[in-house]
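Report on the following structure.
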Amino acid sequence: MTTALPPQPVELAAALPVLRPMPRPAGLGQTQTASAPQSDVPAPRAREERQGGGLFGGLFGRRKSEERPEPADGFVCGDRDIQGEELAPISSRVKGCGIEEPVRVTSVDGIRLTTPATINCQTARALKTWVNDAMRPAFGRNEVVELRIAASYICRPRNNLRGAKVSEHGRGNAVDISGFIMEDGREWSIAGDYNRTIRRAHKAACGIFGTTLGPGSDGYHEDHLHFDVANLDRPYCR
């Protein structure tokens with residue numbers, strides 16, 4: 001049996017909302033073409049476009065080494081391709097040692113250094129020139145991503161011989177390289193494989209640096225390449 005609800009007070013009935021259909025929107029039923037929403041993030045460009053196109057982009061377009069992202073703001077020597085930091089002047093009680101304006105370099109034109117090199121800006125700029133004008137052409141398709149640094153600033157006599165003149169390392173003028181690390185993870189060391197490619201890169205350093213030494217030069221550089229910016233007017237290359 002259905003129980004009838006008691007009559008509602010007039011005041012309550014008046015307070016209840018009256019449901020009415022919403023007005024029909026203008027233009028409803030007409031065909032409308034909506035544009036797709038635009039993303040705030042630009043779509044990435046294809047790898048082939050960055051490389052100059054296809055498999056042979058590295059040969060006929062831009063080298064892969066030129067595709068690296070813009071360097072960060074931590075650059076030195078007024079060159080955005082030389083990454084690192086400026087250091088306080090280095091002084092020494094040993095006459096001839098020290099650097100007035102030293103920099104601590106971590107990468108040169110996209111090539112990382114395994115150990116940051118403390119050198120002066122003249123040496124840093126010469127290293128960049130060598131990377132681009134000598135090392136990369138010599139290595140060709142073997143893409144180098146890292147240089148193994150054996151030595152940079154250190155106050156010591158030449159070849160660690162007591163009584164010898166202060167080494168160019170003690171002035172921030174020199175950097176020693178003992179190996180090359182490739183993009184695929186391989187490493188060529190001077191001690192383990194002083195091959196024709198490395199010899200070409202070594203030979204091409206003459207003139208970029210004032211002194212270049214390596215295996216076979218004097219018996220003290222059998223496991224690394226020594227580059228320094230002394231005697232640029234009279235290069236000594238062995």
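The values are calculated or read from the model by the stated rules, or taken from the named source; none is laboratory data. Values in this document were obtained by computation on a predicted structure and should not be read as measured data. Cβ: placed from backbone, ideal geometry, glycine included. Neighbour counts: every protein chain shown.
Worth pointing out:
- Leading residue by the ranking (nearest to C77 (Cα to Cα)) among those in the stretch 113-145 that are in contact with a Ser or Thr (Cβ under 7 Å, 6 or more places away or on another chain) and assigned to a strand (DSSP E or B): I119
- Scanning the stretch 225-238 for residues that are part of a loop (DSSP other than H, G, I, E, B) and surrounded by 22 or more Cβ atoms within 10 Å (Cβ to Cβ) yields a total of 1.
- Filtered by the rule that a residue be more than 10 Å from H226 (Cβ to Cβ) and outside any loop (DSSP other than H, G, I, E, B), the stretch 160-177 gives N160, V166, G170, R171.
- Within the stretch 122-150, the set of residues being closer than 21 Å to E86 by Cα, out of contact with any strand residue (DSSP E or B) (no Cβ under 6 Å at 6 or more places or on another chain) and not hydroxyl-bearing (S, T, Y) comprises Q122, R125.
- Qualifying residue in the stretch 191-204 (condition: surrounded by 16 or more Cβ atoms within 10 Å (Cβ to Cβ), in a strand (DSSP E or B) and either among the hydrophobic types (A, V, I, L, M, F, W, C) or within 22 Å of the chain's Cα centre (by Cα) (or both)): no
Yes/no per residue for (1) closer than 20 Å to I198 by Cβ; (2) modelled with pLDDT of 95 or more:
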site: E67; (1), (2): no, no
site: F75; (1), (2): no, yes
site: D79; (1), (2): no, yes
site: I82; (1), (2): no, yes
site: C97; (1), (2): no, yes
site: E101; (1), (2): no, yes
site: R112; (1), (2): yes, yes
site: R136; (1), (2): yes, yes
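- Considering residues of the stretch 80-107 that are acidic (D, E) and assigned to a loop (DSSP other than H, G, I, E, B) only, the residue surrounded by the fewest Cβ atoms within 10 Å (Cβ to Cβ): E100
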